[in-house]
Structure formats: C-alpha cells, structure tokens
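Before any comments, here is the structure.
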Amino acid sequence: MELINGNEIAQNIIEELTLQVAKIDGVKPCVVFIRVGEDPASISYVRKKEKTATAIGIKSRLKILPENISQEQLLVEVEKENLDPSVHGILVQAPLPSHIEEKIIFNNVSSKKDVDGFNALNLGKLCQEQDDAFISCTPAGILELIKRKKIPTEGKHVVVLGRSLIVGKPAGMLFLRKGFPGNATVTFCHSRTPDLKSHAQRADILIAAIGKPQFVSGDMVKQGATVIDVGINRIEDSSKKSGFRLVGDVNFEQVASKTQFITPVPGGVGPMTVAMLMGNTLEAFKRSK
Ligand code: GUN
C-alpha cells in the first residue's frame, strides 16, 4: 500500500505555477470568486483558494452576495465579471441557495473564463476530447495524481461512485478519453445502482464521490486496486477539540491495506482541486492574450 500524498503533489504544482507567473511581465492573471451566502464550508474553501492564489502571485477578488439574491441579479453580477477585461477566471462557489438553478448560472459564466469547467460548452468539449476544454478541478486533480504516480489506466476498469456534474460525470469522461491517463473501461454507479458492491469489487481504480462518510468498506475493494477518495465529511468525534473530524467516502482503516495506492482524507484529492484551479486560471490568462 502506498499513500498518494496530495499535499506534496499539489505543492509541486503550485511551485511550477509560481515560477510561470513570476515570468509574466505587467498585468498578472486575476480570478474572481463569487460566494453566495455564508455557508461555513464554502467560506473555508474560498478562503483556501484565495490564499493559494496569493501564494502563486495570481490576483484574486472575492465578491460576497446575500443568500437571498435573486437568480436574475446573480446573473447580472456574473455578466459584470464576464465583461471585465481585467478578470481572466470566474468561479461561482457551489452549492448555491436552492432558489437558484446552478446550471443556469454556470452556463452564463463566459466559457473563456470558466476555470471551474462547469459550463455546457466546456463539458461538451470534454466529451469531444478537445484540448481547449477547461476541466472541472477535482476530476482534473484526480487525473493529475494518476499521471504523476504513473498508475496504468489503459484497458483498466475504472468504477466511479457518484454522478455529479462537478466530480462523477467529468471524472468518468476523463478516463474514457484516448491516450494516457485514459483508454479505460468506465462504470458509473449511483444511489439507484442495484448491487453497487459487485461493481466496486471489479474496479482497478475506484473513485468514491458520493458524499457518504466511510461508505466504501473493505469488502467492496479488490486486492491491489487504486482507491481515490473524493469525500470530505464531518463526523462527530468527542476526542477532538472541535468535536468533529474529517473523513472521506472510504473506510480508510478497512480499505487501505488492500490497495496498491490510496488517497488519504484530508491531504489527498482536496489540495489538488485548488492547485488545478490555479492552473486553469493561468491557462485562461494565457488564452486571453
Ligand atoms: N463546490 C465544491 N467543489 C467545488 C468546485 O470545485 N468549484 C466550485 N465552484 N464549487 C465547488
């Protein structure tokens, strides 16, 4: 069993990006974060993204909007950033309040500034295997881990647990692409999949992105598989000062010893998401020239 150290790999990427940004003369890349409401997890994620941008030398601006903002007004705010030539990347932090239809917001972020890769054009380009697609940061981070650890994918069976627009669907599409890391056979499982365990057991690479704490148990994993844990769940833990601890969608204690590679939570996929976002922002900046 080898732990995939997402912190270390993300730090390497951040250092690579820092060198590239330092070489830019004049105006630096700029990303705008739009946060609606005061969801504690969103506050913490956006803060992490701001800090990483600053560390790299990427400019960032945070726009905080009230929880009760109308969809129409949010679209106006997005459009302002679309039209601002000093802004290269736009990120609307999900989840949005339930009265707002996320897809409509994502589809109205300019595809050239869509560093999250959530809009229909970029998702379509991913399916078409076009090189200029912005790819959703968590799936892109998973792929980068696989690439850097040189984990074979060709002819392998990738099983994705979860079908979200942000992780599950694009992650599966990435492994389906031609070349490395792709050419895999991909199975998607979700809450309505009968006997999900039998699918998971056939995975050479198992991606857990279902948002259920410690869902993947030891008996769901094949000996020698690679397990990528995308979950970040808070569970009560009275031994901690905070009263909780973070766990993934995988029961690490049961699963780790069976795997060839496994990502820990925290310190696996999470830091990669932020690093890939910064890579997308630099790319959007370069293309704006
Ligand atoms: N919420 C959870 N993950 C993400 C992400 O990658 N981007 C945005 N915008 N919101 C998220």
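The values are calculated or read from the model by the stated rules, or taken from the named source; none is laboratory data. Computed from a prediction, not measured in an experiment: that's the story for all the values here. Note that we place each Cβ from the backbone using ideal geometry, even for glycine, and neighbour counts take in every protein chain shown.
Which one of the conditions (1) touching a residue at least 24 places away in the same chain (Cβ under 8 Å); (2) out of contact with any Leu (no Cβ under 8 Å at 6 or more places or on another chain); (3) among the aliphatic types (A, V, I, L, M); (4) away from the ligand (no atom under 16 Å from the Cβ) does Leu62 fail to meet, given that it meets all the rest?
Looking at each condition in turn, Leu62 falls short on (4).
Among the candidates Leu282, Leu246, which residue alone is touching a helix residue (DSSP H, G or I) at 6+ places or on another chain (Cβ under 7 Å) and not charged (D, E, K, R)?
Just one listed residue meets the conditions, Leu282.
Could you please find all residues in region 262-276 being of a type outside the set (Val, Ile, Thr) and either within 10 Å of the ligand (Cβ to nearest atom) or assigned to a helix (DSSP H, G or I) (or both)? Let's see the steps before the verdict.
First pass over region 262-276, keeping only residues of a type outside the set (Val, Ile, Thr): 264, 266-268, 270-272, 275-276.
Once the filter is applied, which keeps residues that are of a type outside the set (Val, Ile, Thr) and either within 10 Å of the ligand (Cβ to nearest atom) or assigned to a helix (DSSP H, G or I) (or both), region 262-276 yields Gly270, Pro271, Met272, Ala275, Met276.
Can you tell me which residue among Arg177, Arg192, Arg163 is in contact with a His (Cβ under 6 Å, 6 or more places away or on another chain) and among the basic types (Lys, Arg)? Full working, then the answer.
Details: Arg177 fails: in contact with a His (Cβ under 6 Å, 6 or more places away or on another chain); Arg192 fails: in contact with a His (Cβ under 6 Å, 6 or more places away or on another chain).
Only one candidate qualifies: Arg163.
What is the number of the single condition among (1) within 17 Å of Met272 (Cα to Cα); (2) surrounded by 19 or more Cβ atoms within 10 Å (Cβ to Cβ) that Val87 does not meet?
(1)
In region 37-54, is there at least one residue being within 14 Å of the ligand (Cβ to nearest atom) and in a loop (DSSP other than H, G, I, E, B)?
Yes, the conditions are met somewhere in region 37-54.
Please return the ranges of helices (runs of 4 or more DSSP H) entirely within region 78-189 where 1 or more residues are under 30 Å from Lys222 (Cα atoms) and either within 15 Å of the ligand (Cβ to nearest atom) or not hydrophobic (A, V, I, L, M, F, W, C) (or both). It would help to see each step written out before you state the result.
Details: elements: 102-107, 120-127, 137-148, 168-176.
Correct list: 120-127, 137-148, 168-176.
Can you tell me which residue is surrounded by the fewest Cβ atoms within 10 Å (Cβ to Cβ) among those in region 150-171 that are within 12 Å of Leu206 (Cβ to Cβ) and small (Gly, Ala, Ser)?
Per the stated criteria, the residue is Gly162.
Can you tell me how many residues within region 196-220 are more than 23 Å from the chain's Cα centre (by Cα), crowded, with 19+ Cβ neighbours inside 10 Å and more than 19 Å from Ala171 (Cα to Cα)?
1
So, Arg61, is that one under 24 Å from the mean Cα position of the chain (by Cα) and exposed (fewer than 15 other Cβ atoms within 10 Å of the Cβ) or not?
Details: under 24 Å from the mean Cα position of the chain (by Cα): yes; exposed (fewer than 15 other Cβ atoms within 10 Å of the Cβ): no.
Answer is no for this residue.
Under 8 Å between Cβ atoms, at least 6 apart or on separate chains: pull out the pairs that start in region 179-194 with a residue that is in contact (Cβ under 8 Å) with a residue 24 or more places away in the chain and surrounded by 17 or more Cβ atoms within 10 Å (Cβ to Cβ) and end on any residue that is among the charged types (D, E, K, R) and not in a loop (DSSP other than H, G, I, E, B).
Pro181/Lys147; Phe188/Lys169
Of the numbered conditions (1) under 26 Å from Ala133 (Cβ atoms); (2) in a helix (DSSP H, G or I), Gly231 fails exactly one; give the number of that condition.
In the conditions (1) under 26 Å from Ala133 (Cβ atoms); (2) in a helix (DSSP H, G or I), Gly231 misses (2) alone.
Might you check whether a residue that is at pLDDT 95 or above, closer than 15 Å to Leu282 by Cα and part of a strand (DSSP E or B) occurs anywhere in region 18-31?
Yes; the residues of region 18-31 include at least one that is at pLDDT 95 or above, closer than 15 Å to Leu282 by Cα and part of a strand (DSSP E or B).
Taking Gly279, is it closer than 30 Å to Thr54 by Cβ, within 14 Å of the ligand (Cβ to nearest atom), small (Gly, Ala, Ser) and within 12 Å of the chain's Cα centre (by Cα)?
It is false that Gly279 is closer than 30 Å to Thr54 by Cβ, within 14 Å of the ligand (Cβ to nearest atom), small (Gly, Ala, Ser) and within 12 Å of the chain's Cα centre (by Cα).
Return the only residue of Ala94, Ala120 being out of contact with any strand residue (DSSP E or B) (no Cβ under 7 Å at 6 or more places or on another chain) and surrounded by 17 or more Cβ atoms within 10 Å (Cβ to Cβ).
Details: Ala120 fails: surrounded by 17 or more Cβ atoms within 10 Å (Cβ to Cβ).
One residue alone meets the criteria, Ala94.
Name the pairs: first residue in region 109-126 and of a type in the set (Lys, Arg), second residue part of a loop (DSSP other than H, G, I, E, B), Cβ to Cβ under 6 Å, at least 6 apart or on different chains?
Lys125/Ala133
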